[in-house]
Amino acid sequence: MERALSLDIGDRTIGIAVSDLLGMTAQGVETIRRSTLENDLNRLVELTKEYETRKLIVGYPRNMNGTEGPRCEFVKEFCEEIKKVIPDADIVLWDERLSTVAATRSLLEADVSRKKRKKVVDKMAAVFILQGWLDSKV
């Protein structure tokens, strides 16, 4: 099975996670601190090469009632930019409702300090997104 990368796309950061080769578990990779669109996309290209994948599971931030809001449009536009630099990217939009809440709760239960939580919550949200997608494949 091909590895998959997941992205939790925000205004200031992009959380990244990757699956294992068997497609069973998700591990956090990093949190990209957003600077310019070009730099953000260059880092994503590097990560797809490093993990030898074109499969991108992108967190899709639907409203709690299931409708699409402005954040969904923001994510779609970013995905269009990804397609320009990774034309053969296989992008899957995955419902990410409550992934950040779950990640924060998990970090709180692990007694991670507020300062450290802030640094890793987006990466953990990407893990929750990817794990949800992987679990749906079983």
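The values are calculated or read from the model by the stated rules, or taken from the named source; none is laboratory data. What you are looking at is a predicted structure, and each value in this text was computed from that prediction instead of being measured. Ideal geometry is used to build each Cβ from the backbone, glycine not excepted, and the neighbour counts take in all protein chains shown.
Comparison of 101, 75, 112, 127 shows that the only residue that is at pLDDT below 95, surrounded by 14 or more Cβ atoms within 10 Å (Cβ to Cβ) and either small (Gly, Ala, Ser) or assigned to a helix (DSSP H, G or I) (or both) is 127. Taken across the range 46-65, residues that are under 23 Å from residue 134 (Cβ atoms), part of a helix (DSSP H, G or I) and touching a helix residue (DSSP H, G or I) at 6+ places or on another chain (Cβ under 9 Å) do not occur at all. Scanning the range 4-18 for residues that are in contact with a Leu (Cβ under 6 Å, 6 or more places away or on another chain) and not aliphatic (A, V, I, L, M) gives a single hit, 6.
Scanning the range 1-42 for residues that are without any contact (Cβ under 8 Å) to a residue 24 or more places away in the chain and either surrounded by 20 or more Cβ atoms within 10 Å (Cβ to Cβ) or among the basic types (Lys, Arg) (or both) yields 12, 32, 33. Among the residues of the range 131-138, is there at least one that is surrounded by 15 or more Cβ atoms within 10 Å (Cβ to Cβ), under 18 Å from residue 30 (Cβ atoms) and modelled with pLDDT under 85? Checking the range 131-138: not a single residue is surrounded by 15 or more Cβ atoms within 10 Å (Cβ to Cβ), under 18 Å from residue 30 (Cβ atoms) and modelled with pLDDT under 85.
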